C-alpha cells in the first residue's frame, strides 16, 4: 500500500495545480481600466482609462494588455507582468524578470 502512496500524492498535487489554474483567467483591459489594485507587496496600481498608469513604487507611465501580458512602462521601469484574475476576484501577478509574485484586489 505504501508504494502507491507517493505516486498518488504526486498525482493529486498535479491535478490540483492544473484544476486551480483552469479557473484563473488572464486579465483583459476591462478588468483593469479605471480601477485601482492594492497589491500584497505594498504597491498600489491605478490603471486609468486610455492607458494612463500610476504606481506608488514605480511612478507614472502607461499600461496595455497584449498577447505577452500586461505591459507597463513607467519613469523607473519597463516590464511585462503575467496577471490572472482568480474566481474569488483577486489578482495574481508574476514579473519573472524582477522576481515579483504578488496577489492583489481592487482597493476599497
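The values are calculated or read from the model by the stated rules, or taken from the named source; none is laboratory data. Here the structure is a predicted model, which means the values were calculated and not measured. Neighbour counts run over all protein chains shown; Cβ positions are idealised from the backbone, glycine included.
Under the condition of being surrounded by 16 or more Cβ atoms within 10 Å (Cβ to Cβ) and closer than 19 Å to residue 31 by Cβ, which residue from the range 74-83 is nearest to the chain's Cα centre (by Cα)? Before you say what the answer is, go through the steps one by one.
Step one: filter the range 74-83 for residues surrounded by 16 or more Cβ atoms within 10 Å (Cβ to Cβ), giving 74, 79, 81, 83.
Still in the running and closer than 19 Å to residue 31 by Cβ: 79, 81, 83.
Values: 79: 13, 81: 7, 83: 3 Å.
Restricting to residues being surrounded by 16 or more Cβ atoms within 10 Å (Cβ to Cβ) and closer than 19 Å to residue 31 by Cβ, the top hit is 83.
Starting from residues that are exposed (fewer than 15 other Cβ atoms within 10 Å of the Cβ) and in contact (Cβ under 8 Å) with a residue 24 or more places away in the chain, keep the ones in the range 39-63 and report whichever is farthest from residue 108 (Cα to Cα).
41
If a residue must be without any contact (Cβ under 8 Å) to a residue 24 or more places away in the chain and within 13 Å of the chain's Cα centre (by Cα), how many such residues does the range 84-98 contain? Reasoning before the result, please.
Of all residues in the range 84-98, those without any contact (Cβ under 8 Å) to a residue 24 or more places away in the chain come to 88-90, 94-98.
Now restrict to residues that are within 13 Å of the chain's Cα centre (by Cα): 89-90, 94-96.
Residues meeting the conditions: 5.
Could you look through the range 14-26, keep only residues that are surrounded by 10 or more Cβ atoms within 10 Å (Cβ to Cβ) and in a helix (DSSP H, G or I), and pick out the one that is modelled with the highest pLDDT?
Pass one, the range 14-26, residues surrounded by 10 or more Cβ atoms within 10 Å (Cβ to Cβ): 14-17, 20-21, 23-26.
Within this subset, residues satisfying the condition of being in a helix (DSSP H, G or I) are 14-17, 20-21, 23.
Numbers: 14: 39, 15: 42, 16: 42, 17: 42, 20: 46, 21: 49, 23: 77.
Within the range 14-26, the match that is modelled with the highest pLDDT is 23.
Of all residues in the range 64-73 being within 13 Å of residue 29 (Cβ to Cβ) and touching a strand residue (DSSP E or B) at 6+ places or on another chain (Cβ under 6 Å), which is surrounded by the most Cβ atoms within 10 Å (Cβ to Cβ)?
My answer is 70.
Determine which single condition residue 29 fails, assuming it passes every other condition in (1) at pLDDT below 95; (2) surrounded by 13 or more Cβ atoms within 10 Å (Cβ to Cβ).
The one condition residue 29 does not meet is (1).
Hey, can you tell me all the residues within the range 69-87 that are modelled with pLDDT of 95 or more and assigned to a loop (DSSP other than H, G, I, E, B)?
86, 87
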